[in-house]
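Heads up: the structure comes next, in structure tokens.
Values quoted throughout were computed directly from the atomic coordinates according to the rules given, and no laboratory measurement underlies them. Bear in mind that the values here come from a model prediction, so they are computed numbers and not experimental data. Backbone-built Cβ (ideal geometry, glycine too); neighbour counts: all protein chains shown.
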Amino acid sequence: MKAFLFLAAGLALTAFALPAQAQSDDTKTFVEKAGLSNLYEIRAGEIALGRTRRDDVRQFAQMMIDEHTKAGNDLKKALAISPQPPDVPEVLDNDRQEKINDLRKADTEDFDKEYIAAQTDAHEEAVSLFEDYAENGDDPALREFAANTLPALRQHERRIKKMAKSD
């Protein structure tokens, strides 16, 4: 009987440990993608400030720098109260770095169009990422961060899509 109880207890612990690992992977992925998104938005905004010819693009780029810097700080605050916080990326991955390089190399005549297209894609991806984690994430502090950040991301997405239509 004792052997059965030990076996049952061991199986129960194993059952609880496996979902926790999957949740940890989801959280790690969210933090990595959210952190990369913030870095990308800031770097792309900095480039746009120096290269754009349009006032609306300049205003949007400055908003990206300001609001994604704030989002990065908010992410770090949420991680500070997480039980096992993953690291936030401090450098861009190859894909985003390539996009930054493309913006730097864009012809002056094409820059605004390329920036707007890149921002449209980036914000569609970010909204999807944050919606999913706000609904399904396993870390309560990060889930709240995602939910609280979503309205600003949706506003960015609407604004950039409006700019794309006026291009």
Study note, to complete from the structure: Residues of the range 24-59 being outside any helix (DSSP H, G or I) and surrounded by fewer than 19 Cβ atoms within 10 Å (Cβ to Cβ), in sequence order, are Arg53, Arg54
Revision key, fill the gap. Screening Val91, Val127 for residues that are of a type in the set (A, V, I, L, M), within 15 Å of the chain's Cα centre (by Cα) and surrounded by fewer than 13 Cβ atoms within 10 Å (Cβ to Cβ) leaves only Val91
Study note, to complete from the structure: Quick count over the range 104-121, residues being among the polar types (S, T, N, Q) and loosely packed, with under 14 Cβ neighbours inside 10 Å, is 1
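Of the residues Arg159, Arg154, Arg96, which single one is over 15 Å from the mean Cα position of the chain (by Cα) and surrounded by 12 or more Cβ atoms within 10 Å (Cβ to Cβ)?
On the way: Arg154 fails: over 15 Å from the mean Cα position of the chain (by Cα); Arg96 fails: over 15 Å from the mean Cα position of the chain (by Cα).
From the options Arg159, Arg154, Arg96, the qualifying one is Arg159.
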